[in-house]
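One structure is given below, encoded as structure tokens.
The values are calculated or read from the model by the stated rules, or taken from the named source; none is laboratory data. The structure displayed is predicted, hence computed values, not measured ones. Neighbour counts run over all protein chains shown; Cβ positions are idealised from the backbone, glycine included.
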Amino acid sequence: MRAIDGMLSNGGPRWRVAILDGDVASRAALRTAVEAAGGTVAIEAPVRLDAVPLMRQTRPDVLILAPSLSGRREPALMPRIAASVDCPAVLFTRDTGEALVKQANRARVMGFMLKPLRPAELAPTLDLALARFREIRRLEQARADRPVVDQAKGKLMTERRLSEEEAFRWLRRHAMDSRQRLGDVARAVMAGDQTGVPILDGA
């Protein structure tokens, strides 16, 4: 197992990738494809739980999981590994069986590549996995923020005599102007910290 430092001359890599694959040749092929596409490899290791602490330290953007056909425990470890790191997972395997697909679903795998590697498929697969992951996180955050947003709207409606639509527009405009999440602005309103931001007509 090893952590790898690497930056591109343009100031940063396209992605920082963790590769968990017990096959040395397969890892080498993945590393070459990642680097050719403008990324860097943050960690290489077999599919093992002891890779998790190193991934938490290196904080990769995306994880490539490649359980071997002979490693019976590896597919079962995928959900635990994926749940332990804050990044999307992409599955890289020859196995398309139902059991592995179920484990991949439990691991919330965001992309799929079949062995042998086709280097041209790597970049769009990683980009799509990251986009899906960010959208899911955005939706989850919006759901989590909904109760406090509703409370903040109620407070603004009472204290500033706004309609529900005007209160929501106030929150949204303040979030845009301050480059904060809507939920963070709502929490500030509930805490009594409105920072003197004026209500904008029609906004």
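Can you find a residue that is under 19 Å from the mean Cα position of the chain (by Cα) and either assigned to a loop (DSSP other than H, G, I, E, B) or at positive phi (or both) anywhere in segment 114-133? Looking through segment 114-133, none of the residues is under 19 Å from the mean Cα position of the chain (by Cα) and either assigned to a loop (DSSP other than H, G, I, E, B) or at positive phi (or both).
Annotation: of all residues in segment 106-116 being modelled with pLDDT of 85 or more and either more than 12 Å from L63 (Cα to Cα) or not assigned by TED's automatic domain parsing to the domain that holds A82 (or both), the one that is surrounded by the most Cβ atoms within 10 Å (Cβ to Cβ) is M113. Pairing each residue of segment 128-145 that is surrounded by 13 or more Cβ atoms within 10 Å (Cβ to Cβ) with any residue that is in a helix (DSSP H, G or I), provided the two are 6+ apart or on different chains, yields C-beta distances under 8 Å for Q141/G183; A142/L182; A142/G183; D145/L182; D145/G183; D145/A186. Select from segment 29-58 the residues that are in a helix (DSSP H, G or I) and of a type outside the set (A, V, I, L, M, F, W, C) and write down the one among them that is farthest from P13 (Cα to Cα). Filtering segment 29-58 for residues that are in a helix (DSSP H, G or I) and of a type outside the set (A, V, I, L, M, F, W, C), the one farthest from P13 (Cα to Cα) comes out as D50.
Residues that are assigned to a loop (DSSP other than H, G, I, E, B) and among the polar types (S, T, N, Q): does segment 74-93 have at least one? Yes; the residues of segment 74-93 include at least one that is assigned to a loop (DSSP other than H, G, I, E, B) and among the polar types (S, T, N, Q). Based on this model, can you work out whether F133 counts as under 30 Å from W170 (Cα atoms) and among the aromatic types (F, W, Y)? Judged against the criteria, F133 is a match.
Screening the candidates P67, P53, P75, P119 for the property of being at pLDDT 90 or above and surrounded by 13 or more Cβ atoms within 10 Å (Cβ to Cβ) yields one hit, P119. Among the residues that make up segment 172-195, is at least one of them at pLDDT below 85 and among the β-branched types (V, I, T)? Yes, some residue in segment 172-195 is at pLDDT below 85 and among the β-branched types (V, I, T). Just so you know, in segment 78-98 the residues that are charged (D, E, K, R) and either at pLDDT 85 or above or not assigned by TED's automatic domain parsing to the domain that holds A42 (or both) include one that is nearest to the chain's Cα centre (by Cα), and it is D86.
Any residue that is at negative phi and in contact with a Gly (Cβ under 7 Å, 6 or more places away or on another chain) - is there at least one of those in segment 149-160? Yes, because at least one residue in segment 149-160 is at negative phi and in contact with a Gly (Cβ under 7 Å, 6 or more places away or on another chain). Of the set (1) surrounded by 15 or more Cβ atoms within 10 Å (Cβ to Cβ); (2) assigned by TED's automatic domain parsing to the domain that holds D23, all apply to K102 but (1).
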